[in-house]
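Data first, discussion second: the structure below is written as structure tokens.
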Amino acid sequence: MTPAGIRFAADGMLQSLATWLRALGYDCLAGRAQFGRRLLEQAVAGERVFLTRNTHLAHDWPRVLVERAQIHHIAGETLPEQLREVVETFSLDPERFLFTRCLVCNEPLRAAEKSAALPHLPARVAAREEHFWRCERCGRFFWHGSHVQNSVTRLRRWLEK
Ligand SMILES: [Zn+2]
């Protein structure tokens, strides 16, 4: 299950923010090969909110493109500030869809059988975990180990006022 409706594209300086939006389950285009004008064009074509720290877009790029785009300038300097800003501005649910999307590929995860995951797991994980998810693009398996609880703890601290 992933959130419907809002989708993002995160500009070059916002890769950590993009990864965290994916961790929250939200669709966010980003990557070393995707930034600047080309990413803005993809955002317009895909009706995505373009997240950027570049305040000179209107000067640098064609007006017709900038005017069609839904652009949100990120004011926050630090990752926690940036994440809080996006969660509040777009009324995201920060926990409902946690870890439903591949952090690397931006692809929604699918539930996977333990038998399929087994050959790819460290022994301690195989002994302890029963529920697995898989990214069909990169083939990685995921499970809700201690790293997930650590991430939730950090997330709650960041989003506190
Ligand atoms: Zn993946």
Self-check item: Sequence ranges 16-24, 50-58, 75-83, ranked by mean other-Cβ count within 10 angstrom, highest first
Solution: 16-24, 50-58, 75-83
Quiz item: Listing 102, 28, 138 from the residue with the fewest other Cβ atoms within 10 Å to the one with the most, what is the order?
Solution: 138, 102, 28
Quiz item: Relative to the Cα centre, what is the charge dipole magnitude of the chain, using +1 at the beta carbon of each Lys and Arg, -1 at the beta carbon of each Asp and Glu, and rounding to the nearest 20 debye?
Solution: 360
Practice problem: Round to the nearest 10 and give me the degree value, 0 to 90, for the angle of helix 146-159's Cα axis relative to the longest principal axis of the chain. | Solution: 30
Quiz item: In degrees from 0 to 90, rounded to the nearest 10, what is the angle of the helix 36-45 Cα long axis to the longest principal axis of the chain?
Solution: 80
Quiz item: Rounded to the nearest 20 Debye, what is the dipole magnitude of region 8-89 about its Cα centre when Lys and Arg each give +1 and Asp and Glu each give -1 at the C-beta?
Solution: 260
Self-check item: Rounded to the nearest 20 debye, dipole of region 110-159 from Cβ charges on Lys, Arg, Asp, Glu
Solution: 260
Quiz prompt | Under 13 Å from the residue 137 label point (7 Å along Cα→beta-carbon), backbone N, region 6-21 | solution = 8-10, 19
Practice problem: Answer with one residue from 25, 46, 118: the one whose Cα lies farthest towards the positive end of the charge dipole of region 1-144, charges on Cβ with Lys, Arg +1 and Asp, Glu -1. | Solution: 118
Self-check item: Virtual spin-label span in nm between residue 129 and residue 42, 7 Å along Cα→Cβ
Solution: 2.7
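Since every read-out is calculated from the coordinates, none of them should be taken as a lab result. Just so we're clear, the structure is a prediction, and the values are computed from it rather than from any experiment. Please note: Cβ atoms are built from the backbone with ideal geometry, for glycine as well, and neighbour counts cover all protein chains shown.
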